[in-house]
Each structure stands twice: as C-alpha cells, then as structure tokens.
Amino acid sequence: MKNLAKAPWPYTAEDAQWFASQPQDQRLPHFFITLPTSAEPARLIGCIGLAQDGDAVELGYWLGREHWGKGYASEAARAVISVARVLGHKRLVAGHFIDNPASGRVLRKAGFRPTGQIRQRFSVARGAEVASIEHELDLAEPCRCDDDPSLMRAA
C-alpha cells in the first residue's frame, strides 16, 4: 500500500467494502482485477481504474504483491486504456513513486511515456509527500504495446 497515493494503511475489510460501495462514474470506471478459480467467486488480486486528476484523466492501479511480475497489471492497464478510448478520452496520465520503478515498467509496457516531470504526491499510507515520476499517453496514437511482443507480458 505504500506505493499508492489514496489508499490507507493498514487497509481493512471496511476500507475495501467502502471502496466497492462507491458509485461508478460512467466516464471514470474502476474495475477489480481477478483470477478465475474453479469455485465462485473469482479471486480478487487487485484494482485498476480511471480518476479525475485536475483537468486530466489518470490511470491508477494496485496489485497484490504475490501477483507482481506476472503481467497482470500490464494486461489490465491495456484493457482499461481500450475502455478509455471507447469513452472518448484523448489523453491519460499516470505516475509512480520514485522508489517503485516496477510500476514505471508497467506503465511503459502499456504505452505510457515519461513526461520528464517529477511531482510531489501525498501518500495516505505513508502520511507524507513522495516524489512521483509522471507519465502520459496520447490516446489518438496507436498503441505501441500491441505491435511489440517484447512489451507484452514481460515482468
């Protein structure tokens, strides 16, 4: 949770229930990331979605540590980017804390490019401002990730 800007720590079942009960904005949907199981329900491994960040639309996500490095975050990001295009968004932004370079790799695999800007973001879990490396994605450009197999599923 220390890598998230808006999630508290410790993250309780009540926090999860509150998040799941929030109304969806049709232009800014969020989704649970799940793995299928032989029994219902599917196993929850993370969350991803769009949110308003000032005038911009931001992609944000988290994934349980035991599922890092398996391509799930990149796959989910590409799916939400496709939804963002269908919804008519022209540009997405995203950021990752400077001490979480793996999240930057996820963003680049999904087609984001670093802007060269670092901004301070408040982390609820850390209770402090943390440097964040900012990224952007022009949705009018074709997705580079679909054409380059080296950007797919690599951890």
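The numbers here are math on the coordinates, done by the rules we state, and not lab data. In this text, all values refer to a predicted model and were calculated from it rather than measured experimentally. For neighbour counting, all protein chains shown are included, and Cβ atoms are generated from backbone atoms with ideal geometry for every residue, glycine included.
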Quiz item: Taking θ as phi - 60°, what are the ³J(HN,Hα) couplings along the stretch 49-57 by the Karplus curve (6.51, -1.76, 1.60), each to the nearest whole Hz, with x for Gly and Pro?
Solution: x, 10, 8, 7, 10, x, 8, 9, 9
Exercise. Grab the other residues whose beta carbon is less than 11 angstrom from that of Gln117, score K and R as +1, D and E as -1, and report the net.
Key: -1
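Taking loop as defined by DSSP and a crowding limit of 11 other beta carbons within 10 Å, which trypsin sites (Lys or Arg not before Pro) in the stretch 8-91 fit? Mind showing how you got there, number by number?
Details: sites: Arg27, Arg43, Arg65, Lys70, Arg78, Arg85, Lys90, Arg91; in loops: Arg27, Lys70, Lys90.
Here the sparse-neighbourhood loop sites are Lys90.
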Quiz item: Where the Cα atoms of the stretch 13-151 are projected onto their three principal axes, how long is each span, largest first, in whole Å?
Solution: 43, 39, 30
Self-check item: From phi via Karplus (6.51, -1.76, 1.60), per-residue ³J(HN,Hα) for the stretch 62-72 in Hz, x at Gly/Pro
Solution: 8, 9, x, 3, 5, 10, 5, x, 10, x, 5
